1. Once you have the Cα-Cα distance between Ala192 and Asn121, take 0.36 nm times their residue separation minus that, and quote the gain in nm to one decimal.
2. Counting pairs of alpha carbon atoms under 8 Å apart in space and at least six apart in sequence, what relative contact order in percent does the stretch 1-199 give?
3. Too long at a 26 Å Cα-Cα cut-off: which of Lys96/Lys133; Lys10/Lys200; Lys174/Lys197; Lys76/Lys136?
4. Roughly how many percent of the accessible protein surface of the stretch 1-160 is carbon and sulfur, given a 1.4 Å probe and a whole-percent answer?
5. Return the whole-Å distance between the Cα centroid of the stretch 62-101 and the Cα centroid of the stretch 139-205.
6. Excluding ligands, DNA and RNA, what is the solvent-accessible area per residue of the stretch 1-199 at a probe of 1.4 Å, expressed in Å²?
7. Summing Lys, Arg as +1 and Asp, Glu as -1, what charge do residues with Cβ under 12 Å from the Cβ of Gln169 carry, Gln169 excluded?
8. May I have the extent of the alpha carbons of the stretch 1-199 along their three principal axes, as whole Å values ordered from largest to smallest?
Amino acid sequence: MEKTFTQWKKQCLNKLDLSKKGSVDQDIEHVVSLLNSCEEYFTTSSCSGRIILIDGAPESDVQKQNCTWLFVSHQKCTSDDLVSGLAKSSRDAVLKFEPFVLHVQCRRLEDAQLMHSVAINSGFRNSGLTVGKTGKIITAIRSTHGLEVPLSHKGKLLAGHEYISFLTQTANQKMEENLRRIHRFYQNLQSALTTEKLQKLQLPDPPSSQELQHPPDRLATEKEEQSKRSVYKRRRKREQHKTDCCHGDKSSSVQELDDCLDLFT
């Protein structure tokens, strides 16, 4: 499984970006980079959030494959942007705000659960995770604060400029909230990954100030050395006492022998 995940990650990160834009959106480059730098994750698709005006046939239900993009922006827009796009409509134009979405493949189920928890705590309440038949574990990070409003039918405008200005303001507010959630997600993700890394390392608690002044090993060594010196001193005293006794006996014997020799002389 470890080898398979590594192969999946390498293949995904090396393949061409087939999206219309062809690159990662600027507002989430730091998020994608952080995840792809981790051994436990890699991103498979993403969008920072966008305001789009799509022109499609009524029966197509505004599917992206069967429509024309009249306007698209990953930043806030103006009402003039929408009016210019609507001028090119020949079918049914729909204004949409699509919030941030990110799909992350995870090495283990525990990694996916961590990612899901971070997403929920960051305001992405519609996020979820799935486990495929091939063993792929995917966390989908998404939100529900979208917007979808029809603005023309068969090329005929259905709303006035005042309403279009109101929709523009609404879409921009949603974009601002979307960027705040992305920032919150990034901050929470950094914190969660750091905490997880420290737990894996199982770093010991820092020593107290008293331990720093008197390290345990040093105290034990000093006590042991003091004990050895004490035993050595007692042993030296006993040996010295024995030696003194022996010297006293020898001196007395010699004196007695001298006395006996004096008798014969």
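1. On the way: separation 71, 0.36 × 71 = 25.56 nm, distance 1.12 nm.
Here the segment from Ala192 to Asn121 would lengthen by 24.4 nm.
2. Numbers: 331 pairs, mean separation 42.0, N = 199.
Rounded, it is 21 percent for the stretch 1-199.
3. Details: Lys96/Lys133 34 Å; Lys10/Lys200 24 Å; Lys174/Lys197 34 Å; Lys76/Lys136 35 Å.
From Lys96/Lys133; Lys10/Lys200; Lys174/Lys197; Lys76/Lys136, over 26 Å: Lys96/Lys133; Lys174/Lys197; Lys76/Lys136.
4. Working: 4260 of 8490 Å².
Ligands and nucleic acids excluded, carbon and sulfur reach 50 percent.
5. If you average the Cα positions of each part, the centres end up 18 Å apart.
6. For the stretch 1-199, the solvent-accessible area averages 54 Å² per residue.
7. Working: positive: Lys76, Lys174; negative: Glu162, Glu176.
Every neighbour counted, the sum reads 0.
8. Extents along the principal axes: 59, 30, 23 Å.
The values are calculated or read from the model by the stated rules, or taken from the named source; none is laboratory data. Since the structure is predicted, the reported quantities are computational estimates derived from the model, not experimental observations. All Cβ positions, even for glycine, are placed from backbone atoms using ideal geometry, and neighbour counts span all protein chains on display. The accessibility values were calculated without ligands, DNA or RNA, using every heavy atom of the protein model including side chains. Shrake-Rupley method; radii C 1.70, N 1.55, O 1.52, S 1.80 Å.
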